[in-house]
Each structure stands twice: as structure tokens, then as C-alpha cells.
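Since the structure comes first, as C-alpha cells, the remarks are kept for the end.
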Amino acid sequence: MSSKEEDSSMEIGSISFPVTEAFRYCVESIRKRFTRALITAISILLGIAFYVTIRSMNTILPNVGQQPPQAYQMLMAIIALLVCGVGIVNSMLMSVTERYKEIGTIKCLGATDTSVLEIFLIEALLLGLLGGVIGAFAGWIAAVGIFSFQFGIGGVFPAGKTAIVMLQYLRYIAEAVGISVFLSVVAAAYPAFYASRHPAEALRYEI
Amino acid sequence: MEKSVPAVKVVDVHKIYQLRGEEVHALRGINLEIPHGEYLSVMGPSGSGKTTLFNMVGGIDRPTKGRVFIDGVDLSKIPSKSMAWLRCRKIGYIFQTFNLIPVLTAQENVALPMIFLGVPKPEREKKAAELLRSVGLGDRLDHRPTELSGGQQQRVAIARALANDPAIILADEPTGNLDLNTGFAIVQLLYRLKAERGTTVICATHDLKMIDISDRVVFLRDGMIENIERRRALTLTAEEFESD
């Protein structure tokens, strides 16, 4: 009963989907769904900006002579992380889920699970990076702006400690970009992988 | 050519879904052989297992029991990478809801399956344009799906299904979302392409008027083949059906 028994002369070839093609597909997709991508990126951006603002306050507040309790600072950081995390995961999940049918369709056209993941993960990476970087700087500028308005520039960059403070700010920014990219990619990976493994279901999917 | 090997062979295929803990028998032992170049219509009420059967034959779902052979290749025995290649190269899919990628133009949609075979860009574009011309949309290359009518979208989908010169076209209710005349034109187009290219066409339909052009008609009911009829005998049956 081997398949050889009634085998034809058919030779099975292989799918080629280089990363450059995946990248091109993502860029096209972002470009042509620009408004949608922008909304996703903005929701990432806002979450990250909020996070960086709260984190920066932890550095600024002691410098301007206000020392809120440690526990309070922790709590604020955790809340900021949750708010931004939930926001990013939600918008990424939505943006992939509404394309279930597209995933089912490209599976029929010859995409492998890997090609589907490549397309959606690169897209998530780009959006996460964009929203993350802009959001992190926006959040930092907001924190610095507000506090230097109230306490003067010295409160935000205290004399003699500028380098240390700056390093701390940079750490927050890097942290936030990392979180943004990580959460975006993970949140996109789950639905993209699921739809790719269940193309029949994905094809039936209606928003 | 290996004339003896059927384009599609379905051997005792069962499909059981789990739906909220309950088992749903979508297919209960389907046996079917489809020779190369045949135009086969699959008829049956909704819920009779047409789409499930299509998913099995198209390699987008796996049977619970039984086997599906495409050109003699047992789908249960090949790795998923080869499955993807088979879907890309051997099978062309046409859907009731067209399923064009909304952000791509007609030409880009048709070129998409060729990307996965590694066809270089200029060649893809050229062939996509040719295919669109052959379905009568030579002047719509740069239109997005939303700028096209239902019938035009389905023509793009047909051109896309033909992109890699598949051996088999699987059309699941291709006229289901179209009015009668547009639908009829689509079926005629499928028939013409089948005649010109020798492609095997498997087409699910509700519409008795559409089955005139098929070589054989399979009637599905409750996941089983109720009846298989050749075209001649069928004209009568269709009339009987309609007089009901």
C-alpha cells in the first residue's frame, strides 16, 4: 500500500519564500493598510510612553526632593507595565485576527507555516519597534518636560549627576523598546501560528 | 503521461469534528476517483460535507480516517513542506467569497502564488497580466478588489488559481455570491479553461443550472455519496428536481 505503488512521475518540489519577499510583503501590507497600522502603532506608542513617563518619575522625584514610598513607586511601575502590556497585546492580537482569512488564503496559495510566521512576525517587529521607539522618547520628553517646567531644568538633570541620570533614562527607554518589541511579536505569533495550523478554520473566519 | 493514475483518488475518507464535546460526522466514508481533465460537480444541501470534502482534497485539513491521493501521491505520507508545494503548484483554489487579498491589486493577487515558487518578479507580473487578459480583465490590472464587481473579483480569483498551472481546480461554490447571469459566465469560463488547459475541475454548487456542463455530478448527503451520475442521465434528473 505504499504511495510508490501507484506513484506517478510527479516530483514534489519545494516552496521558496526568502525573507526578502516576506519583508516586501510586510512593507506593502503596512503601506496599504496604513491607517490600520498607524492605529496599532499609536496604541503601542501610548502604552510605552505612559510606561516611560512613570519610570522616569522614579528618577526625577527624589532629585526634586520628593520621596514617595518605595512600594508606591513599585506599584506605579507595575501598573504602567500592565497598562502598556495589555494595550500592545490587544492591538496586535486584533490586527492579526482580522486577517485570519488572509492567512487561510495564502496557505492555500502555497505559504508554509514558516512563511506565514515570517510575514506576521516581521510586521509585528516593525510596528513594535516603531511604536516602541517613538513612544519611549515621547514618554521621556513628557516626563522631563513636565518636571522641568515645575522644578527647572536642574530638577530633571541635577548638576553633577547628569551622566548618571541620563544613563537611567536611557535604561528606561531601552527597557520600554524591548518590552514593546517582545510583546508585539509574541502577541502576533500566537494567532498567526494558530491560523496557519488550522487553515480550514481560518478560511471560514468572518470578523 | 500516466493516464492510469487519477488526478484525485479519495479512499474511505471519514471526518469527525469535535463540536462542544459532541462528535460531528462531516464525512462518513467517501470513495471517489476523478480522472485527469474531468469536470466534476459536487452537489448537496449545505451541511452535506461539500466543503469538508474540498478541504480534504485540497490538503487544508486532514481526514480522521481514510486517504486522499493527488496524482498518486498519498497526502497523509508527505511532510507539511511538500503539502505546501502541492497546494501551490498542483491545486488552484476558488472560493465562494473570492478571498482576494484586499491590499493587493488584481495583478499582485494573481502573482502571489508565483512568489512561493520563486518565480522572478518581472516574469510574475507578465504572466499575471496574461492570465487577467485571458479572463477578460486586461484593463483592470491595477484595480484593488474593492474597486471590482463580484463577478470581476471571481475572475481575478480564477486567474490566481491558474497562476502556477495547477492540475486541479477546486471551486467551492464559486457562483454562490453572484447573480445568475454572472454566475453562469463564471462557470462557462471555468469550463473553457478546463477545455483549453486540460485541467481537472471540481466544483461544488447548489445551482442545478450550472451542472449542465459537468462531465459527472456527485450528490452528497449527510457526508455520504448518495449518487454519481454522468451528464446525459442528468438532464432529466435536473428537470425532475426543478419540477418538485
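Mind listing just one residue for me: the one in the range B:139-151 that is free of Cβ contacts under 8 Å to residues at least 40 places away in the same chain and in a helix (DSSP H, G or I) and, of those, nearest to B:Leu189 (Cα to Cα)?
B:Gly151
Determine which member of the set B:Pro122, B:Pro113 is closer than 19 Å to A:Pro18 by Cβ and free of Cβ contacts under 8 Å to residues at least 40 places away in the same chain.
B:Pro122
Is the range B:118-136 home to any residue that is surrounded by fewer than 18 Cβ atoms within 10 Å (Cβ to Cβ), on the phi > 0 side of the Ramachandran plot and more than 11 Å from every other protein chain (Cβ to nearest Cβ)?
yes
Do you know which residues across the range B:138-154 are surrounded by 23 or more Cβ atoms within 10 Å (Cβ to Cβ) and under 15 Å from B:Glu108 (Cβ atoms)?
Once the filter is applied, which keeps residues that are surrounded by 23 or more Cβ atoms within 10 Å (Cβ to Cβ) and under 15 Å from B:Glu108 (Cβ atoms), the range B:138-154 yields only B:Gln153.
Residue-wise test of (1) within 14 Å of chain B (Cβ to nearest Cβ); (2) surrounded by fewer than 13 Cβ atoms within 10 Å (Cβ to Cβ); (3) outside any helix (DSSP H, G or I); (4) among the acidic types (Asp, Glu).
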position: A:Ser14; (1), (2), (3), (4): yes, no, yes, no
position: A:Thr20; (1), (2), (3), (4): yes, yes, no, no
position: A:Arg31; (1), (2), (3), (4): yes, yes, no, no
position: A:Ala37; (1), (2), (3), (4): yes, no, no, no
position: A:Arg55; (1), (2), (3), (4): no, no, no, no
position: A:Gln66; (1), (2), (3), (4): no, yes, yes, no
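So that you can scan it fast, the table gives a plain yes or no per residue for (1) within 12 Å of the chain's Cα centre (by Cα); (2) in a helix (DSSP H, G or I); (3) crowded, with 17+ Cβ neighbours inside 10 Å:
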residue: A:Phe120; (1), (2), (3): yes, yes, yes
residue: A:Gly139; (1), (2), (3): no, yes, yes
residue: A:Gly145; (1), (2), (3): no, yes, no
residue: A:Ala163; (1), (2), (3): no, yes, no
residue: A:Ile179; (1), (2), (3): yes, yes, yes
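Being part of a loop (DSSP other than H, G, I, E, B), buried (at least 20 other Cβ atoms within 10 Å of the Cβ) and touching a residue at least 12 places away in the same chain (Cβ under 8 Å): is that true of B:Leu100 here?
So B:Leu100 passes the test.
Among the listed residues A:Ala176, A:Ala124, A:Ala111, which satisfies the condition of being more than 25 Å from A:Pro18 (Cβ to Cβ) and not acidic (Asp, Glu)?
Exactly one residue qualifies, and that residue is A:Ala176.
So which strands (runs of 3 or more DSSP E) are wholly in the range B:1-80 and hold at least 1 residues that are touching a Phe, Trp or Tyr at 6+ places or on another chain (Cβ under 8 Å), more than 9 Å from chain A (Cβ to nearest Cβ) and of a type outside the set (A, V, I, L, M, F, W, C)?
Once the strands (runs of 3 or more DSSP E) in the range B:1-80 are filtered for at least 1 residues that are touching a Phe, Trp or Tyr at 6+ places or on another chain (Cβ under 8 Å), more than 9 Å from chain A (Cβ to nearest Cβ) and of a type outside the set (A, V, I, L, M, F, W, C), what remains is B:22-34, B:39-43.
Within the range A:138-155, track down each residue that is in contact (Cβ under 8 Å) with a residue 60 or more places away in the chain and within 30 Å of A:Ala187 (Cβ to Cβ).
Hits for the range A:138-155 are A:Ala138, A:Gly139, A:Trp140, A:Ala142, A:Ala143, A:Val144.
For A:Ile164, indicate whether it is in contact (Cβ under 8 Å) with a residue 12 or more places away in the chain and either more than 14 Å from chain B (Cβ to nearest Cβ) or charged (D, E, K, R) (or both).
For A:Ile164, the condition - in contact (Cβ under 8 Å) with a residue 12 or more places away in the chain and either more than 14 Å from chain B (Cβ to nearest Cβ) or charged (D, E, K, R) (or both) - is not met.
Taking the criterion of being touching a Ser or Thr at 6+ places or on another chain (Cβ under 8 Å) and hydroxyl-bearing (Ser, Thr, Tyr), would at least one residue in the range A:71-85 satisfy it?
Within the range A:71-85, not a single residue is touching a Ser or Thr at 6+ places or on another chain (Cβ under 8 Å) and hydroxyl-bearing (Ser, Thr, Tyr).
Would you be able to say whether some residue in the range A:91-105 is within 14 Å of another protein chain (Cβ to nearest Cβ), free of Cβ contacts under 8 Å to residues at least 40 places away in the same chain and part of a helix (DSSP H, G or I)?
yes
May I ask you to verify whether B:Arg160 is touching a Leu at 6+ places or on another chain (Cβ under 9 Å) and more than 8 Å from every other protein chain (Cβ to nearest Cβ)?
Considered against the rule, which asks whether it is touching a Leu at 6+ places or on another chain (Cβ under 9 Å) and more than 8 Å from every other protein chain (Cβ to nearest Cβ), B:Arg160 comes out as no.
For the structure I just gave you, tell me whether A:Ile78 is touching a residue at least 12 places away in the same chain (Cβ under 8 Å), in a helix (DSSP H, G or I) and either within 14 Å of chain B (Cβ to nearest Cβ) or on the phi < 0 side of the Ramachandran plot (or both).
no
How many residues does the range B:91-116 contain that are more than 7 Å from chain A (Cβ to nearest Cβ) and over 29 Å from B:Val24 (Cβ atoms)?
11
Output the number of residues of the range B:35-80 satisfying the condition of being among the aromatic types (Phe, Trp, Tyr) and surrounded by fewer than 22 Cβ atoms within 10 Å (Cβ to Cβ).
0
A:Gly155: under 29 Å from A:Glu28 (Cα atoms), part of a helix (DSSP H, G or I) and small (Gly, Ala, Ser), yes or no?
No; evaluated as a whole, the condition is false for this residue.
Read the figures in this text as sums done on the coordinates, not as results from a lab. Note that the coordinates shown come from a computational prediction; the quantities given were computed from them, not determined experimentally. So basically every Cβ, Gly included, is an ideal-geometry build from the backbone, and we count neighbours across all protein chains shown.
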